[in-house]
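Shown next, in structure tokens, is the structure this report addresses.
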Amino acid sequence: MSKSLVNNQAKFGTMPVFLTALSTILGAILFLRFGWAVGQIGFFGVIGIILLGHIVTIPTAFAVAEIATNQRVQGGGAYYIISRSFGLNVGGAIGIALFLSQAISVAFYVIAFGEAFEPVINYLNQEYNFEIADRRWISIPTMAVLSIVILIKGANMGMKALYVVVAILLASLLFFFMGNSPIKPESINFQSSIANNESFFFVFTIIFPAFTGLAAGLGLSGDLKDPKKSIPQGTLWATVAGMLVYIAAAYKFSVSASPEDLVADQLIMQRIALWGPIIPIGLAAASLSSALGSIMVAPRTLQAIGHDDIFPQKKINLWAAKGKKSDNEPINGSLITILIAFVFIIIGDINFVAQIISMFFMVTYGAICMVSLLEHFAADPAYRPTFRSKWYISAIGALFSLWIMFKMNAPYAALSIVIMSMVYWVITFYRNEKRGLNKLFRGVVFQMSRQLQIFAQRADKEDREVSWRPFGVCISHDTFKRRSAFDVMRWISFKYGFGTYIHFIKGYLNEETNQESKDALKRLIHLSHGSKNRVYLDTIISPSYTSAIAQVVQLSGISGKGNNLILFEFSRTEPETLKEILPNYKMMESAGFDVCILDTSYKSFGYKREMHIWIRPDDFENANLMILLGYIILGHPDWKKGFIKIFALYPKEHVEDKRQQLLDLVKDGRLPISRANIEMVPYEKGKRKATISSYSEDADLTLIGFRNEMLKGSFEFFEGFNDLGNILFVGANKAKDIE
């Protein structure tokens, strides 16, 4: 099997792309169904169809031109472009749908070719009483001959025939436009249509295959000398030329026949043309050229799918990817295409086949536009197309594709999406390839995050303490010993704030510590996976804990704003860690940070149900911050059954006044704390720790405030709580407003 998707003898230029696309656009639909469409919904209705169809196809043509000029496009056309941008999983699912639509298109055009013999059939019936009631007597032998030509001669023979049939096609159109219709309506009304006409979107569904020619040109990508040049030029010019011809044809039909005549006679063009017999000949040429284009393209799509090992069985992939040794002609892909075409030719319903084609092509076009849109937002430096579209053009194409699908036929649209999803799941199950899709979405998320950070920074004109939320950072060298500090950070940042957790590595930056840092970050990401966290993880290498803190307090933070809260932690069994924390308190205070110090015990966070907040008379600056942090922590699912109790330590004579102040604070701040959970606790001087321990021994988390003057270089303030669970000591830089 040839492992290349490129024909080493490729010699096609821009003209084959243009002619293949144009001959498919100006094909069977124009001759057989376009006059019928004008009769069904009128001139302006058909103009609406043309414009709506090109709202999808023109953005797709622009997107194709853009993506094709960014990479070396090999065989497989649209499938190759999608798979190399979106990844093989998505590309494979869309590629299989695309192949089926291309293969079914062969049947559509061969059926239409059989309709071109209607004048001959009528003549034989009238002159010789020889009746051919079923057009399949023509379409099936035609398909057989076409199959033999493609299997023996390949694309080169098809391209030679294509030049001939395109010449006949253009001649027939010229005769049509030059014709002086003998059945002109008495008065021309561009809004007139037949009674009991079909709906707009049903007619659109039948007509839309006429606009799908650009995919035909894409399919020749492996046989082009310069795909980056030929694909953009060929598809864009064919799309524009086709649109202009259809607008002109709609006008010609409207002024040449009544709606009733247009609907009654599917070959009405021969009654309008300067020389009628040229129209069936042109239909035959158009149908044959479109069939040739589709039968050349579809096998190449299947060959590319096999080449990428999309199918679950290796033997199937090898068989599908097989090409002739001389020119890599996809012989097995041609066999499958021919088989599918025969099945739908036997069905013989041209309207049914048109609906199937429209749906599959609409999915493909929407995906191509989505690729282009995501590439614009991802801003990948590797994405450097020489042809540039606009992001909003691709967005219009993608959105309209999805909308039109469901307007055409909602059950078919839903079914096609379900089928593609199932195919995608099967491909993903057998092939774990996620690079392309992940790369695009990571780029988009990165760019959105970058823009939001810049916006947040520039919009931060007022003091953010007016509406406080935590922008927290935690630095710890005990990351892999204890998880409690990380738990606090993920609770704080889950819903209301932003959190960064930094693992500290002591030492100087060198190759060894850099590798240690990468390994630690990888391990940290793995450990945090599935823990319902929205914490940004990082590492820092510094010769001392003090220098690491100095670096951390200057970080801008992932929010685009500076951090405003720093969290430290120490184990109650190893209080020596406080020796590293407390000497740096002045640094953090001067930087405007609120400081939290987590004291972890063997009880940890217990059942994550009961949270106690202790407020002293001198805790004016800390009280609001502790209450806010308690409320924020309760927002995490881990604390979904949790509740807060507030204990206020006051001398007996001030108890009632202070209780009312607390109740007003909770009410004005709209905090979910019951009046019954606010308790005034009178205490005696020197018995503060004993009182707290007696009330909060069974609490799962206890919050206690501290002030700078309480530290005084000793650990005394943090000692003496041996019977409690985890304690969060809170020191506010300034009072917070919770109203």
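Bear in mind that the values in this text are calculations on the coordinates, not laboratory data. Here the structure is a predicted model, which means the values were calculated and not measured. For neighbour counting, all protein chains shown are included, and Cβ atoms are generated from backbone atoms with ideal geometry for every residue, glycine included.
With a cut-off of 12 Å between beta carbons, the residues surrounding N332 carry a summed charge of +3, where Lys and Arg count +1 and Asp and Glu -1. So how far, in whole Å, is the C-alpha centre of region 673-695 from the one of region 472-545? Cα centroid to Cα centroid, the span is 35 Å. With 20 Å as the limit, the listed pairs K532/K640; K608/K658; K608/K689; K685/K736; K579/K608 have K608/K658; K608/K689; K685/K736; K579/K608 beyond it between alpha carbons. Rounded, prolate or oblate: which fits region 464-593 when a ≥ b ≥ c are the square roots of the eigenvalues of the alpha-carbon gyration tensor, with rounded for a/c under 1.5 and prolate only if a/b beats b/c? It is rounded, given that a/c, with a ≥ b ≥ c, falls under 1.5. For region 685-691, 3J(HN,Hα) computed residue by residue from phi via the Karplus equation (6.51, -1.76, 1.60; θ = phi - 60°) reads 4, x, 10, 4, 5, 5, 5 Hz, glycine and proline entered as x. The phi-based Karplus calculation (6.51 cos²θ - 1.76 cosθ + 1.60; θ = phi - 60°) puts the 3J(HN,Hα) values of region 24-38 at 6, 5, 8, x, 4, 4, 4, 7, 9, 10, 6, x, 4, 5, 4 Hz, whole numbers, x for Gly and Pro.
Annotation: amide H of L703 within the under-5 Å range of H612, I613, W614, L728, sequence separation 5 or more or interchain, hydrogens built in the peptide plane. Maximal additional length on extending the I346-T546 stretch stands at 63.9 nm, based on 0.36 nm per residue less the C-alpha distance. Each other residue within a Cβ distance under 11 Å of I111 adds +1 if Lys or Arg and -1 if Asp or Glu, for a net charge of 0. Of all DSSP bridge pairs formed entirely within region 464-593, close to 5 percent run antiparallel. Charge tally around E512: other residues with Cβ under 12 Å, Lys/Arg +1 each, Asp/Glu -1 each, net -2.
Each peptide in 520-531, 484-495, 309-320 receives the mean, over its residues, of other Cβ atoms within 10 Å, and ordering these scores from highest gives 484-495, 309-320, 520-531. Under 5 Å from the amide H of V681 lie the amide H atoms of A648, L649, Y650, each residue being 5 or more positions distant or on a separate chain, with H modelled from the backbone and absent for Pro and chain starts.
For the listed peptides 186-198, 358-370, 538-550, a ranking on the average number of other beta carbons within 10 Å per residue, highest first, reads 358-370, 538-550, 186-198. State, as an integer percentage, the relative contact order of region 464-593 based on alpha-carbon contacts under 8 Å between residues 6 or more apart. The normalised contact order for region 464-593 reaches 30 percent. Full extension of the chain between F130 and E186 gives 16.4 nm of extra length, using 0.36 nm per residue less the Cα-Cα distance.
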